[in-house]
1. Checking Q164 against (1) polar (S, T, N, Q); (2) surrounded by fewer than 16 Cβ atoms within 10 Å (Cβ to Cβ); (3) closer than 16 Å to L116 by Cβ: exactly one of these is not met. Which one?
2. I'd like the full set of residues that are in contact (Cβ under 8 Å) with a residue 40 or more places away in the chain and more than 15 Å from N198 (Cβ to Cβ), limited to region 102-124.
3. Kindly list the number of the only condition in (1) touching a strand residue (DSSP E or B) at 6+ places or on another chain (Cβ under 7 Å); (2) among the charged types (D, E, K, R); (3) closer than 27 Å to L69 by Cβ that fails for K208.
4. For region 167-186, name all the residues that are within 23 Å of F247 (Cα to Cα) and surrounded by 18 or more Cβ atoms within 10 Å (Cβ to Cβ).
5. If you scan region 226-281, which residues turn out to be aliphatic (A, V, I, L, M), touching a Phe, Trp or Tyr at 6+ places or on another chain (Cβ under 9 Å) and closer than 20 Å to G189 by Cβ?
6. I need a count of the residues in region 228-281 that are surrounded by 11 or more Cβ atoms within 10 Å (Cβ to Cβ), hydroxyl-bearing (S, T, Y) and more than 21 Å from the chain's Cα centre (by Cα).
7. Being within 30 Å of T87 (Cα to Cα), polar (S, T, N, Q), under 16 Å from the mean Cα position of the chain (by Cα) and not in a strand (DSSP E or B), is that true of even one residue in region 137-153?
8. If R181 satisfies every condition in (1) closer than 29 Å to L61 by Cβ; (2) more than 18 Å from the chain's Cα centre (by Cα); (3) not in a loop (DSSP other than H, G, I, E, B) but one, which is the exception?
Amino acid sequence: MKLFNKALTITKVFITAGLIASCQSEKDAVVSPVVEQAEKVDENAKISADSKLISDFSRKLSYSGPRNLLAKETLESYNYYIDYVYTAQGIKATKYEISSQKAVSTSTYILNASGLCIESSVGNSFSGTTQYKYNDNQQLILAFNKFEPNERQEFKYSSEPNGQARLLSVSFYDKQNYKTRELIYSYVGNMPDLYPLNPDFLASGTGKYLPIFGKFSPYLIKMVSETEHTYHPHKEYTSAELYNYKFYADGRVKSIEASDVKTGNTYMISNRTYASAMVAN
């Protein structure tokens, strides 16, 4: 279904000059307080090295250093890998072609003192910069183009206290301040998400596995409804997907299958392997 394929192109996170001047490999560097704090923001920080996520479909993840931070992300079927380097200011991610070992793009993520990403870039373009705002619970409430602030995403959450607030909706606006789409999230009960990841659309696929955008929900999503808006004249198009999960014995997600509510068509959106030995239910 087009829901997430299209959403992957919504947010472009662009490059910030000056961040990459003194990059040092995390394997050899002392982890900065900013990066160390980033790990504390997300539940992933509490996961030990022997239980880290090491693959999602054919995407391979590896970790290194005293904090077991993400060091490399490899997708052989698309002929690339990404090296992650941690600096005093944040994170630099360099994408390489596997066949040529040529660097093809550089992404940067600037973090605040709490370890949350406040400005980011993807690729080698200086044409725009995405900035991020958070609420008092360190949940992302706004992502916007620094130079075209009308182009933005607005996040709304439920009102539960003590870290239990869950993401309810994300609204997307273009440069003309028109709402172009809205995603609405539904949950069934309080099924915990023991290994939360970032939404695909948030960092255009390059920051999905970095715990630097806060926590979106402590629970697993059951359904995502999408409304698309077109104008002149105004029309709305709706669609929805239901999620079905399979779990390992310890409760972590093994796979996620999505089904289109209208057509009944199904497809897999995630198939995960962790470093520790587990048995599927």
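The values are calculated or read from the model by the stated rules, or taken from the named source; none is laboratory data. What you are looking at is a predicted structure, and each value in this text was computed from that prediction instead of being measured. A quick note on method: Cβ atoms are made from the backbone with ideal geometry, for glycine too, and the neighbour counts reach across all protein chains shown.
1. Evaluating Q164 over (1) polar (S, T, N, Q); (2) surrounded by fewer than 16 Cβ atoms within 10 Å (Cβ to Cβ); (3) closer than 16 Å to L116 by Cβ leaves (3) as the failure.
2. Hits for region 102-124 are T106, T108, I110, N112, A113, S114, E119, S121, G123, N124.
3. Every condition holds for K208 apart from (1).
4. L167, Y185
5. V253, I256, A258
6. Count: 8.
7. yes
8. If we test R181 against (1) closer than 29 Å to L61 by Cβ; (2) more than 18 Å from the chain's Cα centre (by Cα); (3) not in a loop (DSSP other than H, G, I, E, B), just (1) comes out false.
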